[in-house]
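A.B. asks: Following this message is one structure expressed as structure tokens.
The values are calculated or read from the model by the stated rules, or taken from the named source; none is laboratory data. As the structure is a computational prediction, the values presented were derived from the model and not from experiment. We place every Cβ from the backbone using ideal geometry, glycine too, and count neighbours over all the protein chains shown. Heads up: the accessible areas ignore ligands, DNA and RNA and are worked out on the full protein's heavy atoms, side chains in. Shrake-Rupley method; radii C 1.70, N 1.55, O 1.52, S 1.80 Å.
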Amino acid sequence: MKRIYAFFLVLSLLTIGACRNKPTAEEPKKIAVIVSTLNNPWFVVLAETAAAKARALGYEAKIFDSQNNTALEADHFENAISSGFNAILFNPTDADGSIANVSKAKAADVPVFCMDREVNSNKSATSQILSDSYSGCIALGKYFVKKLNKKGKYVEILGLVGDNNTWARSKGFHSVVDHYPGLKMVAQQSADFDRNKAMEVLESILQANPDIDAVFCGNDAMAMGAYQALYAAGKANHVQVFGFDGADDVLNSIKEGKIKATGMQYPKVMAETAALYAQEYFNGKRNFPQKVPVAVELVTPENIKNYSAN
Amino acid sequence: MKKFLKYLLALIAFLFIGYHSVYFKKLTEVSARTSTEKINISQYTRTFWNKKLLPSLNKALSLNELIALLKTDPEKAFSTYGKALGIGDLKYFMVKGVGKVMKVNENEVALLSTATTENLVVNIATEYVYGNAVRDASGLINTNDFDNTSDFNEISAGINQIIRDEVLPDFKKRIASGDRIEFVGAIELNKKFLNLSDIEITPVQLKILK
């Protein structure tokens, strides 16, 4: 009887051991890159840079696409934890909805380094490396007020309303612009960071407000969409468009005088820093700053030569 | 009898634990507490201004010294004196100097910085006082001391409000071309794309010498 018990005990231990596929000391450590979406080139750059840097540092790296779905993101976390990944470089889908996933990894002693987007918790992630969107949009706000000479009508096109970056950008912008009563916001609407939606949104706003002077957009894709709508309406020459991101097509548009300004973000810096932090974690470091802001630089026709490769 | 005592003790224990497990608060109290926390941010800003920032200004670097070092050894200038709370090429410096007012514009005062071997024109911002230049150049605040980013940003907004309300109004009223002024303030420089021809100073202290 005792032998049968011993047999089942050994069998159970072996089964439990097999469930957690931890790499041995000789195998390279594994890093999971879990990204909100690979449907947007900006996040593709973020994810691929993080994975490339992790590989360059000698680790195995795998990219998981959450497709902007927190349930899918939760599955990726489960997989990453049970497959023995040693660290997660993470671009959250939802500032609140993603906290549970990060906490799950923390409970399993898997460090999580957030990139670009934050989770609304200071106790879950090991560190959060984030674009300083608020400060970047203060700089954009100042430039906006100067270019409009403190008066005029404008439209604000917001990104995803559930994303903290949307509000950090909007609040930074308004922290300057709202001091000038001559500047009137005639419409504020979301276009989900999407170029086509921004075009449709502005087309409809222009019907009720044909006399606007400027459009402030929460990202560059929406700025391009807004410009298209203005161009189609024959207003592109006298309505100033402002974006945020530093995307190549907007940099070219600034050079050509189509877009007025943008905030240059550095996704590669954030991704590489996250991978380096994972390495430091493996080497024993534990006291990481909870939030690391990455500077956003104002790009205008006056300094475009610094940023445009063409 | 023993059974009765057992039940009595269990009941007392149940009531004791139950009473201490649940508590009720009026929504107005919670909302008042939130307001108090907000007030604390503004109190923090005022205390920071009076007790930390102003006493630290005597350590500000001479603008002319900084410019000279930026021209000869920019790497050293940025690593020794540049301050930033995060990663990137934007660095902040707290500088002081003396200069002669060349022109009083709507949004800034153009100043010829004196006591230098070459003429250097800088602008003192008198209208667009926004952003983190002063907070970050001071090097006195750590982002990790704050639980949320918006509180941290409010510190900057508070500092800028003090400058707009208390430093600038009298200065703007009295300043004229030809005046000599003494200043202490913050500047932002881009390490990668250094541009010394367009320096803007966010003022913390301004004194008209006449």
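A.B. asks: Over all directions, how big on average is the projection of the convex hull of the alpha-carbon atoms in chain A, in square nanometres?
C.D. replies: The directionally averaged projection comes out at 18.8 nm².
A.B. asks: Relative contact order for the range B:2-209: what percent, with Cα pairs under 8 Å and sequence separation of 6 or more?
C.D. replies: That works out to 23 percent.
A.B. asks: If you take each beta carbon of peptide A:167-175 and count the beta carbons of other chains within 10 angstrom, what is the mean? Kindly include the intermediate steps, with their values, before the conclusion.
C.D. replies: Values: counts 1, 3, 0, 0, 3, 3, 0, 0, 7.
Across the residues of A:167-175, the mean count of other-chain Cβ atoms within 10 Å is 2.
A.B. asks: Leaving out ligands, DNA and RNA, what percent of the accessible area of the range B:2-209 is carbon and sulfur, probe 1.4 Å? Could the numbers behind the result be given before it?
C.D. replies: Details: 6600 of 11990 Å².
Carbon and sulfur atoms account for 55 percent of the accessible area of the range B:2-209.
A.B. asks: Determine how large the accessible area of residue A:273 is when every protein chain is in place; take a 1.4 Å probe and give Å² rounded to the nearest 10.
C.D. replies: The accessible area comes out at roughly 20 Å².
A.B. asks: Now a separate question. Quick one: net charge around residue A:69, please, counting Lys, Arg +1 and Asp, Glu -1 for every other residue with C-beta under 13 Å from its C-beta.
C.D. replies: Working: positive: none; negative: A:65, A:73, A:75, A:94.
Its environment carries a net charge of -4.
A.B. asks: Here is a follow-up. Kindly identify the range B:126-207 as rounded, prolate or oblate by the Cα gyration tensor criterion: order the square roots of the eigenvalues as a ≥ b ≥ c, call it rounded if a/c is under 1.5, otherwise compare a/b with b/c, prolate if a/b is larger, else oblate. Each step should come with its number before you reach the end.
C.D. replies: Working: a/c = 2.64, a/b = 1.42, b/c = 1.85.
Here the range B:126-207 falls in the oblate category.
A.B. asks: Between 0 and 90 degrees, rounded to the nearest ten: what's the tilt of helix B:27-47 against the longest Cα principal axis of chain B?
C.D. replies: 30 degrees
A.B. asks: Moving to a separate point now. Got a number for carbon plus sulfur as a percent of chain A's accessible area, 1.4 Å probe?
C.D. replies: Reported share for carbon and sulfur atoms: 53 percent.
A.B. asks: Could I ask something else about it? Can you tell me the dipole magnitude for the range B:2-209 around its Cα centre, using point charges on the Cβ only (Lys, Arg +1; Asp, Glu -1), in Debye to the nearest 20? Intermediate results must be reported in sequence, preceding the final value.
C.D. replies: Values: 27 positive and 23 negative charges, 241 e Å.
It works out to roughly 1160 debye.
A.B. asks: While we're on this one: Give me the percent relative contact order of chain A, please, defined on Cα pairs under 8 angstrom at least 6 residues apart.
C.D. replies: Computed value for chain A: 17 percent relative contact order.
A.B. asks: As a test of reading the structure, rank A:124, B:177 by solvent-accessible area (1.4 Å probe, protein chains only), most first.
C.D. replies: My answer, sorted largest first, is B:177, A:124.
A.B. asks: Let me ask you something else. So which residues in the range A:284-305 end up with at least 40 square angstrom less accessible surface once the other protein chains are there, compared with the chain by itself, probe 1.4 angstrom?
C.D. replies: Residues meeting the cut-off: A:291, A:293, A:295, A:297.
A.B. asks: In addition: Have a look at the range B:61-100 and report residues whose accessible surface goes down by 40 Å² or more when the remaining protein chains are included, against the chain on its own, probe 1.4 Å, ligands and DNA/RNA excluded.
C.D. replies: Relative to the lone chain, where solvent access is computed with a 1.4 Å probe, the range B:61-100 loses at least 40 Å² at B:87, B:90.
A.B. asks: In terms of solvent-accessible area of protein heavy atoms at a 1.4 angstrom probe, what is the ranking of A:254, B:87, highest value first? Please list the in-between numbers first.
C.D. replies: Working: A:254 5, B:87 50 Å².
Order by accessible area, largest first: B:87, A:254.
A.B. asks: Taking each residue in B:128-141, count the Cβ atoms of any other chain within 10 Å of its Cβ, then average. What number comes out?
C.D. replies: Partner Cβ neighbours, averaged per residue: 3.
A.B. asks: For chain A, what does -39500 (n - 2.57) per DSSP helix run (n ≥ 4), summed and divided by total residues, give at 222 nm, in deg cm²/dmol to the nearest 500?
C.D. replies: Rounded to the nearest 500, the figure is -14000 deg cm²/dmol.
A.B. asks: Next up: Of A:30/A:268; A:106/A:197; A:123/B:52; A:147/B:192; A:235/B:173, which ones are farther than 32 Å apart at the Cα?
C.D. replies: Beyond 32 Å between Cα atoms: A:106/A:197; A:235/B:173.
A.B. asks: Kirkwood Rh, the protein assembly as shown, all Cα pairs: how many Å?
C.D. replies: Mean inverse Cα-Cα distance, inverted, gives 26.0 Å.
A.B. asks: Additional query: Give the accessible area for residue A:55 in Å² (nearest 10); use a 1.4 Å probe, count only protein heavy atoms, and leave out ligands, DNA and RNA.
C.D. replies: Ignoring ligands and nucleic acids, residue A:55 comes out at about 130 Å².
A.B. asks: Still on this structure, I have one more. Could you name the aspartates and glutamates whose alpha carbon sits less than 12 Å from that of residue B:207, not counting residues in the same chain fewer than 8 places away?
C.D. replies: Within the straight-line limit of under 12 Å, residue B:207 reaches these aspartates and glutamates: B:170, B:179, B:182.
A.B. asks: Relative to the first principal axis of the alpha-carbon coordinates of chain A, what is the inclination of helix A:2-19, with its axis defined by its Cα atoms, in degrees from 0 to 90 and to the nearest 10?
C.D. replies: For A:2-19 against chain A, the angle is about 20 degrees.
A.B. asks: For every helix of n ≥ 4 consecutive DSSP H residues, a contribution of -39,500 (n - 2.57) applies; sum these over chain B, divide by its total residues, and give [θ] at 222 nm rounded to the nearest 500 deg cm²/dmol.
C.D. replies: -13000 deg cm²/dmol
A.B. asks: Could you work out the equivalent-ellipsoid semi-axes for the range A:147-216, taking the square root of 5 times each eigenvalue of the Cα gyration tensor, largest first, in whole Å?
C.D. replies: 20, 17, 8
A.B. asks: OK, next. Roll a 1.4 Å probe over the protein heavy atoms and report the accessible area of residue A:224 in Å², nearest 10.
C.D. replies: Counting only protein heavy atoms, the figure is 20 Å².
A.B. asks: I've got another one for you. In terms of the Cα gyration tensor, with a ≥ b ≥ c the square roots of its eigenvalues, is the range A:154-259 rounded because a/c is under 1.5, prolate because a/b exceeds b/c, or oblate? Intermediate values should be presented prior to the final figure.
C.D. replies: Numbers: a/c = 1.31, a/b = 1.10, b/c = 1.20.
Since a/c stays below 1.5, the shape of the range A:154-259 is classed as rounded.
A.B. asks: In what sequence, largest accessible area first, do B:5, B:61, A:72 appear using a 1.4 Å probe?
C.D. replies: B:5, A:72, B:61
A.B. asks: Counting only heavy atoms of protein chains, what accessible area per residue, in Å², does the range B:2-209 have with a probe of 1.4 Å?
C.D. replies: 58 Å²
A.B. asks: Hey, another quick one. Place a point 7 Å from the Cα of residue A:207 along the Cα-to-Cβ direction; which residues of the range A:226-260 have their backbone N under 19 Å from it?
C.D. replies: It comes to A:226-235, nothing else.
A.B. asks: Using only Cα atoms, find the angle between the long axis of helix B:149-162 and the longest principal axis of chain B, and express it within 0 to 90 degrees, rounded to the nearest 10.
C.D. replies: The angle comes out at about 50 degrees.
A.B. asks: If you take the accessible area of A alone plus B alone and subtract the pair, what total do you get in square angstrom, rounded to 100, with a 1.4 Å probe?
C.D. replies: That pair hides around 2100 Å² of surface in total.
A.B. asks: Rolling a 1.4 Å sphere over the protein heavy atoms, what is the accessible area per residue of the range A:167-296, to the nearest Å²?
C.D. replies: Ligands and nucleic acids excluded, the result is 42 Å² per residue.
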